[in-house]
Amino acid sequence: VIYAISSKIHCEIDLNQANSDKALISFLDYYSTSKNIYLKVKKYIILRNIEVLKISTQNALRKIIDTCSSKIILMITINSISRLIKPLRSRFLCIHIKSPTFEESKKIINNISINDKFIFESK
């Protein structure tokens, strides 16, 4: 069983779930072959924390990407790119997003508090 957040055009799966490694490929096979009747657009699949997948599952995912790229667009998040196998890494555009600094975080929280009209203590 895999729990996912989905709509007519997207599916988001957090792979930190128990047994996601075993159920992911069969789910993706089904999801990528099912038709999107309402809209004539590709389906989006967002896989979070892909580093938890075993190498064998990553290889199976690579095969799905190769066979279903005309039907689905896959996006992944990963904490360490080195844990992704090179054949799979070559199929994605890799973008690194650095964490905000402490000062940037303070500024963001301050802007949110002003917009939503609540007060934070400076601590």
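The values are calculated or read from the model by the stated rules, or taken from the named source; none is laboratory data. Bear in mind the structure is a predicted one, so any value in this text is a computation, not a measurement. Every residue, glycine as well, gets a Cβ built from its backbone with ideal geometry; the counts of neighbours run over all protein chains shown. Note: accessible area is taken over every heavy atom of the protein model, side chains too, but ligands, DNA and RNA are not part of it. Shrake-Rupley method; radii C 1.70, N 1.55, O 1.52, S 1.80 Å.
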* Asked: Does segment 34-42 include one or more residues that are surrounded by 11 or more Cβ atoms within 10 Å (Cβ to Cβ), modelled with pLDDT under 90 and under 19 Å from Glu12 (Cα atoms)?
  -> yes
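Which of the following residues is farther than 22 Å from Ser6 by Cβ and of a type in the set (Asp, Glu): Asp29, Asp116?
Details: Asp29 fails: farther than 22 Å from Ser6 by Cβ.
Going through Asp29, Asp116 in turn, the sole match is Asp116.
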* Quick check: is even one residue across segment 80-97 within 16 Å of Arg62 (Cα to Cα), in contact with a helix residue (DSSP H, G or I) (Cβ under 6 Å, 6 or more places away or on another chain) and open to solvent by 100 Å² or more (accessible area, probe 1.4 Å)? -> yes
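Taking into account only those residues within segment 98-123 that are among the aliphatic types (A, V, I, L, M) and in a helix (DSSP H, G or I), which is most open to solvent (accessible area, probe 1.4 Å)?
Ile114
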* **Hits in segment 56-81 - residues which are modelled with pLDDT of 90 or more, hydroxyl-bearing (Ser, Thr, Tyr) and more than 13 Å from Leu24 (Cβ to Cβ)** => Thr77
* Structure fact -> Within segment 70-79, of all residues that are of a type outside the set (Gly, Ala, Ser) and open to solvent by 60 Å² or more (accessible area, probe 1.4 Å), the one nearest to Ile46 (Cα to Cα) is Met75
* Spans of strands (runs of 3 or more DSSP E) in segment 1-71 with at least 1 residues of a type in the set (Gly, Ala, Ser) -> 4-6
